[in-house]
Amino acid sequence: MSSQLPKKVAVVTGGGTGIGRESALALHARGYQVWIGGRRLEPLQETARMAGDSGLPIQALELDVANLASVKAFFATVKAQSGRVDVLFNNAGMSAPRVPIEQLREEDWRKAVDVNLTGSFFCAQVAIELMKSQAPQGGRIINNGSISAHAPRPDTIAYTATKHAITGLTKSIALDGRPFHIAASQIDIGNADTAIGSRFKSGVPQANGQMMVEPVIDAKHCGEAVAYMAELPLDTNILNMTIMATNMPFVGRG
């Protein structure tokens, strides 16, 4: 059986759309056995179809990252069929309504925390347990942060707080993973041209209260960046990478 296993196995959460889809396709093109998970099976299956017939097919499974039982079942299937996990891209995430802080509902806050932070922790936790026990030992966890892991946009306290927390998650994994050949990386993406990011082209609120159209980048470049990080040997790591539209309002006063 071992001779039939792929050289490397990658898991991508939120693999049905946007950055997750592009990352899954980029990893597949490099010969990875790719497993993608998400709450809706149809877009996951579309990603798998987009990969074509070359190499091992992308495997799509329903996954609720905020549900530990769902996460454990997902990784159990990956282990049973592929034998190991070499790369986890913690990509699944969501935004919250753009409202003043005092108007944000409890359920919207909790939902953002559950998916963006707790979901990333659950997936990392289960993947780390597997990475510690597999032979050869180790692997890489890539967390999808955001430009918001550094600086907020107006009225985004739930999203911004969870993305700042992802930075702490990344650093803790990087430290605690050292003895077990587990590397941790974070990619912070600014203005990728996805369905969620389409608002940048029609105008988004600025710190000075104005609305402004902002430049975007092709999401394929983000997928390629994730694949590059994944391809590094485990003795080499990109702890933080920022990939962004060159002229977006991030560097300098906004």
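The values are calculated or read from the model by the stated rules, or taken from the named source; none is laboratory data. Note that the structure is predicted; figures quoted are calculated from it, not measured. Every residue, glycine as well, gets a Cβ built from its backbone with ideal geometry; the counts of neighbours run over all protein chains shown. Only protein heavy atoms, including side chains, enter the accessible area calculation; ligands, DNA and RNA are left aside. Shrake-Rupley method; radii C 1.70, N 1.55, O 1.52, S 1.80 Å.
A few points about this structure:
- Yes/no for residue 180 being in contact (Cβ under 8 Å) with a residue 40 or more places away in the chain and either at positive phi or more than 15 Å from the chain's Cα centre (by Cα) (or both): yes
- If you check 48, 66, 29 for being open to solvent by 70 Å² or more (accessible area, probe 1.4 Å) and either of a type in the set (Ser, Thr, Tyr) or out of contact with any Leu (no Cβ under 9 Å at 6 or more places or on another chain) (or both), only one passes: 29.
Quick grid of which residues meet (1) crowded, with 21+ Cβ neighbours inside 10 Å; (2) at pLDDT below 95:
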| site | (1), (2) |
| --- | --- |
| 131 | yes, no |
| 136 | no, no |
| 165 | no, no |
| 171 | no, no |
| 185 | yes, no |
| 195 | no, yes |
| 214 | no, yes |
| 221 | no, no |
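- Strands (runs of 3 or more DSSP E) completely within the range 31-143 that count 3 or more residues being out of contact with any Cys (no Cβ under 7 Å at 6 or more places or on another chain): 33-38, 59-62
- The range 198-208 - residue that is assigned to a loop (DSSP other than H, G, I, E, B), open to solvent by 30 Å² or more (accessible area, probe 1.4 Å) and touching a residue at least 40 places away in the same chain (Cβ under 8 Å) and, of those, nearest to residue 148 (Cα to Cα): 207
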